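Before any comments, here is the structure.
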């Protein structure tokens, strides 16, 4: 069985397992304790903070360790908005992860915030000029993801962040899918906050981090003992912090070579599917997309049926975001891109990690082509 659902989760890297193993066994102390076991744990936590900060080009104190990308998004969006001294307006995009969109809905419902969701073009990209035009003197926050989890499109966050900086408006980006594939240094970018999830990078599930520029006020979601400089109370998950920081550093070190190789394999996969499947539609931008991401719609078919056929052929992939699994509704991302309901329900996504082999790409393309053909044999009115 070949795994092509890396956007949903990835296996834990051996180097990460080796780094966190002592923190579950011999070095298990509470970093707030003043005895030697606590001091050992505190040093490990400090190492994780410095390691992550080096990759992100920020100060160690700007790192807040979280339980994952969802908590990091919630803390950034709610925390920055609620702590802002003035304004009740937030600018975002229509294709954000549910962790951002639901946080925005919460702020609108319970705190009276006005939300502007920027439209996207047929490739899923936000127009930086439209983003800049949406900013007003009442804007509290702007949040636009770095790269989309469903269609792989990379957003022009640099331009949007700069427009926000010019107006003194905090800018947050969800970089969960971008980590390991794109440069993440925030130095000189205008990015004030960034969310990262460990399990997309080769760390275990349940760990992540939020970079937030130190001078910005941040209202905590969790209240208690005041850990993480008062921004996230609760005994720190030292092993999780070390895991996400180690995985982030490893991925950043390998990024250039890995991304270049992956782009070639991605383009082969996309070309093979588009050439061999009549009517196939690539979703997302053709070139401004994540290196390990290929997504399609196969009009006239059911995406779920294609997935089942692909799995029978030995390839595991998905129909889109794992966070919306079980929903019968078409993808809001594809809907925002102008894809009609029936076509959106034929979506299939193949995402792979840095260790993918060339023969696996070939096998995945062949399996997907065969899967669509078999589904269409049962639906004679579809393209063939």
Single residue of 241, 262 found to be in a helix (DSSP H, G or I), assigned by TED's automatic domain parsing to the domain that holds residue 24 and surrounded by 14 or more Cβ atoms within 10 Å (Cβ to Cβ): 241
Quick check: is even one residue across region 191-208 farther than 27 Å from residue 108 by Cβ, crowded, with 16+ Cβ neighbours inside 10 Å and out of contact with any helix residue (DSSP H, G or I) (no Cβ under 9 Å at 6 or more places or on another chain)? no
Does region 75-96 include one or more residues that are surrounded by fewer than 24 Cβ atoms within 10 Å (Cβ to Cβ) and under 14 Å from the mean Cα position of the chain (by Cα)? no
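Is it the case that some residue within region 365-375 is closer than 13 Å to residue 277 by Cα, under 25 Å from the mean Cα position of the chain (by Cα) and either in contact (Cβ under 8 Å) with a residue 24 or more places away in the chain or not in a helix (DSSP H, G or I) (or both)? Please lay out each step first, then the result.
We begin by selecting, within region 365-375, every residue closer than 13 Å to residue 277 by Cα; these are 365-375.
After this cut, where a residue has to be under 25 Å from the mean Cα position of the chain (by Cα) as well, the list is 365, 368.
If we keep only those that are either in contact (Cβ under 8 Å) with a residue 24 or more places away in the chain or not in a helix (DSSP H, G or I) (or both) too, we end up with 365, 368.
Checking region 365-375: at least one residue is closer than 13 Å to residue 277 by Cα, under 25 Å from the mean Cα position of the chain (by Cα) and either in contact (Cβ under 8 Å) with a residue 24 or more places away in the chain or not in a helix (DSSP H, G or I) (or both).
Name the single residue that is surrounded by the most Cβ atoms within 10 Å (Cβ to Cβ) among those in region 57-69 being assigned to a helix (DSSP H, G or I) and in contact with a strand residue (DSSP E or B) (Cβ under 8 Å, 6 or more places away or on another chain). Write out each step before concluding.
Going through region 57-69, the residues assigned to a helix (DSSP H, G or I) turn out to be 60-62, 69.
Still in the running and in contact with a strand residue (DSSP E or B) (Cβ under 8 Å, 6 or more places away or on another chain): 62, 69.
Details: 62: 24, 69: 28.
The qualifying residue surrounded by the most Cβ atoms within 10 Å (Cβ to Cβ) is 69.
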Can you work out which of the residues in region 278-292 that are crowded, with 18+ Cβ neighbours inside 10 Å and either in contact with a helix residue (DSSP H, G or I) (Cβ under 7 Å, 6 or more places away or on another chain) or without any contact (Cβ under 8 Å) to a residue 60 or more places away in the chain (or both) is nearest to residue 338 (Cα to Cα)? 283
One residue is enough: does region 170-181 have a residue meeting the conditions in contact with a helix residue (DSSP H, G or I) (Cβ under 9 Å, 6 or more places away or on another chain), crowded, with 24+ Cβ neighbours inside 10 Å and more than 25 Å from residue 336 (Cβ to Cβ)? yes
When the residues of region 11-26 are narrowed to those that are surrounded by fewer than 17 Cβ atoms within 10 Å (Cβ to Cβ) and not in a helix (DSSP H, G or I), which ends up modelled with the highest pLDDT? 11
Here are 42, 8: which of them is surrounded by 16 or more Cβ atoms within 10 Å (Cβ to Cβ) and in a helix (DSSP H, G or I)? 42
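Quick check on my filter: what residues within region 279-296 are farther than 18 Å from residue 8 by Cα and assigned to a loop (DSSP other than H, G, I, E, B)?
Within region 279-296, the subset farther than 18 Å from residue 8 by Cα is 279-282, 285-288.
Those that are farther than 18 Å from residue 8 by Cα and assigned to a loop (DSSP other than H, G, I, E, B): 279, 280, 285, 286, 287, 288.
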Region 184-209, subset modelled with pLDDT of 95 or more and within 13 Å of residue 171 (Cα to Cα), residue nearest to the chain's Cα centre (by Cα): 195
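Can you tell me which residue in region 97-116 is surrounded by the fewest Cβ atoms within 10 Å (Cβ to Cβ), limited to those that are part of a loop (DSSP other than H, G, I, E, B) and without any contact (Cβ under 8 Å) to a residue 60 or more places away in the chain? It would help to see each step written out before you state the result.
Quick first cut of region 97-116, residues part of a loop (DSSP other than H, G, I, E, B) only: 97, 112-113.
Okay, now just the ones that are also without any contact (Cβ under 8 Å) to a residue 60 or more places away in the chain, so 112-113.
Details: 112: 8, 113: 22.
Residue satisfying both the conditions and the ranking: 112.
With 246, 235 as the choices, which residue is outside any helix (DSSP H, G or I) and on the phi < 0 side of the Ramachandran plot? So that I can check it myself, show each step before the final result.
Details: 246 fails: outside any helix (DSSP H, G or I).
None of the other options fit; the residue is 235.
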Restricting to region 120-130, name every residue that is assigned to a loop (DSSP other than H, G, I, E, B) and closer than 19 Å to residue 161 by Cβ. 120, 124, 125, 126, 127
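The values are calculated or read from the model by the stated rules, or taken from the named source; none is laboratory data. All values reported here derive from a predicted model rather than from experimental measurement. We place every Cβ from the backbone using ideal geometry, glycine too, and count neighbours over all the protein chains shown.
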